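Visitor: This structure is in C-alpha cells; I'll ask about it shortly.
The values are calculated or read from the model by the stated rules, or taken from the named source; none is laboratory data. None of the values given here were measured: they were computed from a predicted structure. Cβ placement follows ideal geometry from the backbone for every residue including glycine, while neighbour counts extend to all protein chains displayed.
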Amino acid sequence: MDFDKIVERHDTDAVKTDSLKKNFGRSDLIPLWVADMDFESPRCIREALQEVVDSGLYGYNVIPEDYFPVIKKWLGEEQGWTVEEQWLSFIPGVVKGIGYILNFFTGKGDGIIVQPPVYPPFMNVPAGNDRKIVFNPLIRLSDSDSRPYAMDFEHLKKIASEENCRALILSNPHNPGGIAWDRETLTELADICYKYNILVIADEIHADMPLFGGRHIPFASVSRQAEKISITLGAPSKTFNMAGIVSSYAVVPEKELREPFYRWLAVNELNSPTIMATRGAMAAYTKGNEWRREMLAYIEKNILFVEEFCKRHFTRFTEASHKSGPDGNIEAEPGNTPTGIKGGNSIQLIKPLRPQASFIVWLDCRELGRVLWENKRTASWSPEASQQLITDLFINKARLALNDGSTFGPGGAGYMRLNVGTPKQVLEEALRRLAYSVNSEEQGPENRH
Ligand SMILES: Cc1ncc(COP(=O)(O)O)c(C=O)c1O
C-alpha cells in the first residue's frame, strides 16, 4: 500500500480534477476539495471489480446472499452496533437517500432541521424539494475546549416546538470538522427529537474513519428512542475511496418506519444495486480492513503535518490582537470594522481544527481574512467580504482548490475545508504555495505577484 504514490486523476472523469474550471474558474489548481481521496482503492476491491469486468457478463444481477450478513458483521465488529439483517436495504447513494426519505416522510413546506456549518447538500436537498430549512447552528467552542463545536439544544427545543419540523439531518461524524459526536450529545439529541416527533436522518458515511484512537458511536445505538426515530445511511464509499461505484445502505430498526419506506424503495426499484456495488462493498468489508488501518495512520500523519506547518508558518506575534465575538466571528465595531483591539498576543492566521474522524480538515482562516481585509479595505467588513478575500487568495494566488467555508451555511464564512486524503508530497506543495501567498499579501501591494 503506497499512499505516497502520486496518482494522475486528470482526464479520468474525476469531479475533483475534471470540474475545476467549472467550479473555480481555472484548472491550474491543486485539487484539495471534493471528499474523495487521491489514493487507489485497495487491491481487494480492484480484484473483485476486475473479476466482473473479465467475466464479460453484465446482465441483471441478484443481491448475493452474503451481502447483508457482511454489512451486519461489519457494523457489529467495527461500530459495536448489533443490527438485524432485515433492517438493511441497499440505497443508491447517501445524498439520494436523504432525498428519498424527505420525499417519502415529509411534505412541501415542512421544516427540516440542519446544523450548520454542514455539508451543503443537507441544505440543497430540502430546499430543492420545497421544504423549509430550519437552522440549528452549531456553537463554536473556544480553542481550550476538547472539540470545536457543540450542538445547541436550547435552540433546538425552541425551533422544535415552534416550527413545523418533521426531520433533522444529522452528520455523524460531522462534516466539516470531523466531529465524532459523543454518546451524551447523541442521547440528548434523541430525547429531544423523540419528544417532538422529529425523524432523524443519520448520515454516517464518515463513520469508519475514526482517528487518533477514537471510536464511532452510531446514533441509533445510543437509546431505544434513537432507534425508534432514526434512519441511518452508511456506505463503504468514503472509507475505501469507491464513491464512483455507489454502494450505500440504509438501516431502519423501527418497523413502522421501515416497512412502508422499504416497500416504496422496492416498487421503484431504488433498492437494486449494480453488480459492481455489491461485489465492491463485500470486498471492502471482508478484505479491506488492513488497507483501512494503514490509510487512517497515513491520514493522521498528514493532519499532524498540517497542524505543525500552520503553527510554524502562520503564527504571528502582535502587540495588539483582535478579539472574537460571542459566536466566534470577529467582532465588528459600529463603524463596521472587524476590530476590538486588546493587549499583546499571538494569533494564527490559519488554524486547522483537528478532526476526530475522516480526512477533511476545517481550517479556521478568520484571522487571515482580517489581515487581508485590513490590507485592502475594499468593502465594509463582513464575514462574507472576508471570505471572498480568503477564497481569492487560495484560488488566484496560491492556486489551490479547497471548499469555501461559506458554502457550508451559517457559521461557515471565514473557513476553508482541506482534504488531506492525498500524498504528503502534494500537501507539502500546497502548503508551501499557501505560505508564500500569505506572506506576499502581508507585505503589501508592491510585493504581490
Ligand atoms: C456527510 C456526507 N454525506 C454524504 C456524502 C455523499 O454521499 P453519496 O456520494 O453517497 O451521495 C458526503 C460526501 O462528501 C458527505 O460528506
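Visitor: I need the full set of residues from the range 73-122 which are closer than 20 Å to residue 186 by Cβ, of a type outside the set (A, V, I, L, M) and not in a helix (DSSP H, G or I), in order please.
Guide: Within the range 73-122, 80, 81, 82, 115, 116, 117, 119 meet the criteria.
Visitor: For the range 15-44, how many residues meet the condition of being out of contact with any Phe, Trp or Tyr (no Cβ under 7 Å at 6 or more places or on another chain), over 16 Å from residue 393 (Cα atoms), touching a residue at least 60 places away in the same chain (Cβ under 8 Å) and assigned to a loop (DSSP other than H, G, I, E, B)?
Guide: 5
Visitor: While we're here: Name the pairs: first residue in the range 349-360 and aromatic (Phe, Trp, Tyr), second residue assigned to a strand (DSSP E or B) and within 14 Å of the ligand (Cβ to nearest atom), Cβ to Cβ under 7 Å, at least 6 apart or on different chains?
Guide: Within 7 Å, the pairs are 359/419.
Visitor: Here's a follow-up. Test residue 385 against the stated conditions and say whether it is of a type outside the set (Val, Ile, Thr), buried (at least 16 other Cβ atoms within 10 Å of the Cβ) and modelled with pLDDT under 95.
Guide: Answer is yes for this residue.
Visitor: Scan the range 80-95 for residues that are farther than 24 Å from residue 256 by Cβ and either touching a Pro at 6+ places or on another chain (Cβ under 7 Å) or of a type in the set (A, V, I, L, M) (or both) and jot them down.
Guide: 95, the sole residue that qualifies.
Visitor: Any residue in the range 154-165 that is touching a residue at least 60 places away in the same chain (Cβ under 8 Å) and not acidic (Asp, Glu)?
Guide: No; the residues of the range 154-165 include none that is touching a residue at least 60 places away in the same chain (Cβ under 8 Å) and not acidic (Asp, Glu).
Visitor: Would you confirm, using the coordinates I've provided, whether residue 111 is in contact with a strand residue (DSSP E or B) (Cβ under 7 Å, 6 or more places away or on another chain), of a type in the set (Gly, Ala, Ser) and surrounded by 15 or more Cβ atoms within 10 Å (Cβ to Cβ)?
Guide: Spelling it out, residue 111 is indeed in contact with a strand residue (DSSP E or B) (Cβ under 7 Å, 6 or more places away or on another chain), of a type in the set (Gly, Ala, Ser) and surrounded by 15 or more Cβ atoms within 10 Å (Cβ to Cβ).
Visitor: Name every residue in the range 211-265 that is away from the ligand (no atom under 15 Å from the Cβ), farther than 19 Å from residue 167 by Cβ and surrounded by 18 or more Cβ atoms within 10 Å (Cβ to Cβ), in order of residue number.
Guide: If the condition is that a residue be away from the ligand (no atom under 15 Å from the Cβ), farther than 19 Å from residue 167 by Cβ and surrounded by 18 or more Cβ atoms within 10 Å (Cβ to Cβ), then 211, 217, 221 are the ones that fit.
Visitor: Can you confirm whether residue 203 is among the acidic types (Asp, Glu), away from the ligand (no atom under 13 Å from the Cβ) and either assigned by TED's automatic domain parsing to the domain that holds residue 87 or within 20 Å of residue 169 (Cβ to Cβ) (or both)?
Guide: It is false that residue 203 is among the acidic types (Asp, Glu), away from the ligand (no atom under 13 Å from the Cβ) and either assigned by TED's automatic domain parsing to the domain that holds residue 87 or within 20 Å of residue 169 (Cβ to Cβ) (or both).
Visitor: Taking the conditions exactly as written (modelled with pLDDT of 95 or more, part of a helix (DSSP H, G or I), basic (Lys, Arg) and assigned by TED's automatic domain parsing to the domain that holds residue 158), does residue 228 satisfy them or not?
Guide: It is true that residue 228 is modelled with pLDDT of 95 or more, part of a helix (DSSP H, G or I), basic (Lys, Arg) and assigned by TED's automatic domain parsing to the domain that holds residue 158.
Visitor: For the range 231-239, state whether one or more residues are closer than 23 Å to residue 7 by Cβ and in contact with a Lys or Arg (Cβ under 9 Å, 6 or more places away or on another chain).
Guide: yes
Visitor: How about the range 353-366: which of its residues are in a strand (DSSP E or B) and farther than 12 Å from residue 302 by Cα?
Guide: Selection gives 353, 357, 362, 363, 364.
Visitor: In addition: List, please: which pairs have Cβ atoms under 7 Å, are six or more places apart or on different chains, and start with a residue in the range 77-101 that is away from the ligand (no atom under 16 Å from the Cβ) and end with one that is among the charged types (D, E, K, R)?
Guide: From the range 77-101, the pairs are 78/208; 83/72; 85/72; 87/258.
Visitor: Another one. What residue, among those in the range 123-136 that are in a loop (DSSP other than H, G, I, E, B) and either surrounded by fewer than 19 Cβ atoms within 10 Å (Cβ to Cβ) or acidic (Asp, Glu) (or both), is farthest from the ligand (Cβ to nearest atom)?
Guide: Taking the candidates together, the pick is 130.
Visitor: Among the residues of the range 266-291, what is the count of those that are surrounded by fewer than 19 Cβ atoms within 10 Å (Cβ to Cβ) and under 24 Å from the mean Cα position of the chain (by Cα)?
Guide: 2
Visitor: If you take the residues in the range 137-167 that are part of a loop (DSSP other than H, G, I, E, B) and buried (at least 20 other Cβ atoms within 10 Å of the Cβ), which one is nearest to the ligand (Cβ to nearest atom)?
Guide: Applying the filter and picking the extreme gives 138.
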